[in-house]
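Right, one structure below, let's go through it.
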Amino acid sequence: MTKIDLEKIVQFIISESVNLKNKYTKEINAKVEYCDIFSQDGEEYQRLTEIVNECGKIAHSGPTGNIYSLTEPIKTVAGDLYFLKIRKPDNKLRFRGDADFDTNYQKLKQKHLNNPNFELIIREKFEMLRLSDPDFDVMTCFSNIPVRKWV
């Protein structure tokens, strides 16, 4: 696996997350804030981690994987990506990854909280709405605090 392979995975996740976001919201021009690659197995996790360590530094360590601050952003259909997480393998996650978008969170939450495709997730440092659809291999997230402000 190479840096180009990593970038292709990121671009796929963000492109599909944009399509999912645009299917359910009017946040058409929302910029990407963060991307999370869900490693398929231990070997892929190891390879992705080695590559991303060459592209940036760890901004936050967590039990499911590290968030990296990239030295050079990855160009995507939703803008430049500066924060990337490589998630440890988890058999419960059928998705390839997710992307977080910068939006007016409170407005979005009020509008979509009762939609069954949106799930409210409460974390220690933030909360988010997670959007999923069985027709997509990704999820889309919207956080009340952007990753860049808490890592």
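Among the candidates Glu27, Glu43, which residue alone is within 27 Å of Glu124 (Cβ to Cβ) and of a type in the set (Asp, Glu)? Of Glu27, Glu43, the one residue that is within 27 Å of Glu124 (Cβ to Cβ) and of a type in the set (Asp, Glu) is Glu27.
Of everything in the stretch 39-63 that's of a type in the set (A, V, I, L, M) and farther than 16 Å from Lys8 by Cβ, which residue is surrounded by the most Cβ atoms within 10 Å (Cβ to Cβ)?
Of the stretch 39-63, the ones of a type in the set (A, V, I, L, M) are 48, 51-52, 58-59.
Those left that are additionally farther than 16 Å from Lys8 by Cβ: 58-59.
Details: Ile58: 12, Ala59: 18.
The residue in question is Ala59.
One residue stands out in the stretch 7-38 among those that are without any contact (Cβ under 8 Å) to a residue 60 or more places away in the chain and more than 25 Å from Pro116 (Cβ to Cβ): the one that is surrounded by the most Cβ atoms within 10 Å (Cβ to Cβ), namely Lys8.
How about the stretch 47-140: which strands (runs of 3 or more DSSP E) wholly inside it have at least 3 residues that are under 20 Å from Glu16 (Cα atoms)? Steps first, please.
Working: elements: 56-62, 65-76, 79-87, 97-102, 118-122, 127-131.
Here the list reads 65-76, 79-87, 97-102, 127-131.
Just one of (1) part of a helix (DSSP H, G or I); (2) under 15 Å from the mean Cα position of the chain (by Cα) fails for Glu44. It is (2).
The numbers here are math on the coordinates, done by the rules we state, and not lab data. Treat the numbers as computed from the prediction; the structure is a model and nothing was measured. Because the Cβ atoms are built from the backbone with ideal geometry, glycine has one as well, and the counts that use them run over all protein chains shown.
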